[in-house]
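One structure is given here, and the rest of the page talks about it.
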Amino acid sequence: MQARSAAYNVFRRKRKPALRCAVRQDRPVPTFVNGETWDFGGVATTTEPPPGFQPEAASEAMRLTGYYLFHDLRA
C-alpha cells in the first residue's frame, strides 16, 4: 500500500542532527519541537523523500501521533 503524496516540514534535533521530526504541512507542529532544541530543516515530500524517510511509516505515524521521527542517513 502506497501513501498518497504529501509534504512535510522537517525539523533537526540541534544536539543530534541525524534525528529528524517530520510533520505534515497541514498539521500543527507538536509542542516538544521548539527553537531551543530543534531547527527547521526544510520540506520533504513523499514522492522524493530524504534518506531514512519512509513514506508509509510517516503516514501511519501522523495518524497515530501527529509527527514522524526518523534518522537522516546522510547526517
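General remarks:
- Check: the chain dipole with +1 on Lys, Arg Cβ and -1 on Asp, Glu Cβ, in debye: 200
- Degrees, to the nearest 10: 55-64 long Cα axis against longest axis of the chain: 80
- At most 12 other Cβ within 10 Å, DSSP loop - trypsin sites (Lys or Arg not before Pro), the chain: R4, K14, R15, R74
- Relative contact order for the chain: 40 percent, from Cα pairs under 8 Å spaced at least 6 residues apart, divided by residue count.
- Cα-based Kirkwood hydrodynamic radius, the chain, one decimal, Å: 12.2
- Under the combined filter of DSSP loop state and at most 16 neighbouring Cβ atoms within 10 Å, the chain retains these chymotrypsin sites (Phe, Trp or Tyr not before Pro): F32.
- DSSP-assigned coil residues among GluC sites (Glu not before Pro) in the chain, each with at most 16 further Cβ atoms within 10 Å: E36
Each reported figure results from applying straightforward, stated rules to the coordinates on display, with no laboratory input. What you see is a predicted model, and the numbers here were worked out from it, not measured in a lab. Heads up, the Cβs are rebuilt from the backbone with ideal geometry, glycines too, and the neighbour counts pull from every protein chain shown.
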